[in-house]
Every structure is written in structure tokens, then in C-alpha cells.
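K.L.:
Okay, handing you the structure first.
The values are calculated or read from the model by the stated rules, or taken from the named source; none is laboratory data. Bear in mind the structure is a predicted one, so any value in this text is a computation, not a measurement. We place every Cβ from the backbone using ideal geometry, glycine too, and count neighbours over all the protein chains shown. Each accessible area value is taken on the protein alone, full model and side chains, heavy atoms only, with ligands, DNA and RNA left out. Shrake-Rupley method; radii C 1.70, N 1.55, O 1.52, S 1.80 Å.
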Amino acid sequence: MAKPIFILNGPNLNLLGLRQPEIYGSQTLDDVAEACSALADDLGVSIRFLQSNHEGQLVDWIQEARGAASGIIINPAAYSHTSVAILDALSAFDGPVIEVHISNIHKREAFRQHSFVSARADGVIAGCGVEGYLLGLRRMVGLVPGGKT
Ligand code: DQA
């Protein structure tokens, strides 16, 4: 059985749908997880969809992905802009990494315009709303061994 694609979500994304809907939209993280599962089924891949507000937990999951995941899609949320620890963990992962941001971080405050994670990501999707996760999943399936192009 092929390894799953990990889809990791950072802090405050558990509040998706409630939090600043004018920026992040009205869909909840459960809605996003369901949409990703449905697309994964269509594409013939499996996913593991996770969220944590804690940097160390995200690092632990990225370490766990070594050997257990075929690729990582990550919205590191605010940790994108601060976390060398998440960058280092991703750099120790051999497979493809796609970074997703719901909002266009380049159109926002200066402190959001730099992401440590982008230095490791094979692709970055920003400003496509929650559809960015689905775009990321389609791209990932083209990158992982045995995936479709
Ligand atoms: C975000 C953008 C980050 O700057 C912010 O801290 C988030 C979400 C996005 O998906 O647009 O929490 O990663």
C-alpha cells in the first residue's frame, strides 16, 4: 500500500470559518479535510489530515513523515514566518513538500511576506482560498512516486 500524503495545518487553522472570514473564508477545517479526502479518493491516493496549534507537535509529525509519508502538504500558518524548527524538520524529509496559504501572504503585512518554509518547499500556493489545498494535492500526486501526472 502506497504511503499517505500528510496534510499538516498550523496554529489557529482549527478556527477556520470563524476566524477573520473576510480573509480566510467561511469553510471550516473539517470542510477542507472532507474536500481533500474526496479528491484523494478520486486521485487514488490516501491522506492524513492533521492540525496543531503547537510548533513541537508539527515538528514531531514532520519527523514521523520520514519513512511514513510520500509527501507533505503544509500550511504552517503563523509559524511560516517564524519557525526555523519547522524548516529544519522539512529539510530532513526526503519527499516533495508543498506549502499552502489560504490568503495571499505577499499582499498582506510585511511580516507575512517571508516564509522560512518556502526555502524548502517544492511548490508554494498562496491566495487561492481553501482551494489551494486541492491544487496542492493535485500537484503532489504528480510529484510522488507512482502518482499520476
Ligand atoms: C496563513 C497566512 C499566515 O500569515 C497566517 O498566520 C495564518 C494563515 C494562510 O493560510 O493564509 O494563520 O498561513
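K.L.:
Where only protein heavy atoms count, and the probe is 1.4 Å, what is the accessible area per residue for the chain in Å²?
P.N.:
Solvent-accessible surface per residue comes out at 48 Å².
K.L.:
Of the options Ile98, Cys36, Asn14, report the single residue whose Cα projects farthest towards the positive end of the charge dipole of the chain (beta-carbon charges: Lys, Arg +1; Asp, Glu -1).
P.N.:
Checked the options; the winner is Ile98.
K.L.:
Give, as a single signed number, the net charge of other residues whose beta carbon lies under 14 Å from the beta carbon of Gln27, with Lys and Arg counted +1 and Asp and Glu -1.
P.N.:
That sum, taken over residues with Cβ under 14 Å, equals -4.
K.L.:
Given 0.36 nm per residue, what is the gain on full extension from Asp41 to Asp60 after removing their alpha carbon distance, in nm?
P.N.:
This chain segment gains 4.2 nm when fully extended.
K.L.:
Follow-up. Binned at 5 Å from 0, what are the whole-percent values of the Cα-Cα distance distribution for region 10-104, short to long?
P.N.:
All Cα pairs, binned at 5 Å, distribute as 3, 12, 22, 24, 20, 14, 5, 0 percent.
K.L.:
Right, here's the next one. Can you tell me, using C-alpha contacts under 8 Å and at least 6 residues apart, the relative contact order of region 5-143 as a whole percent?
P.N.:
Averaging sequence separation for qualifying contacts and normalising by length gives 27 percent for region 5-143.
K.L.:
Same structure again: Between Gln113, Gln63, Gln51, find the one with the highest GNM mean-square fluctuation for the chain; connect C-alpha pairs within less than 10 Å.
P.N.:
Result: Gln113 has the largest fluctuation of those listed.
K.L.:
For region 19-148, what is the charge dipole size about the Cα centre, in debye to the nearest 20, if Lys and Arg each add +1 at the Cβ and Asp and Glu each add -1 at the Cβ?
P.N.:
So the dipole magnitude of region 19-148 works out to roughly 320 debye.
K.L.:
Summarise the accessible area of region 5-143 (1.4 Å probe, protein heavy atoms) by the percent that is carbon and sulfur.
P.N.:
Ligands and nucleic acids excluded, carbon and sulfur give 48 percent.
K.L.:
Between region 105-149 and region 32-81, how far is it from one alpha carbon centroid to the other, in angstrom?
P.N.:
Answer, in whole Å: 12.
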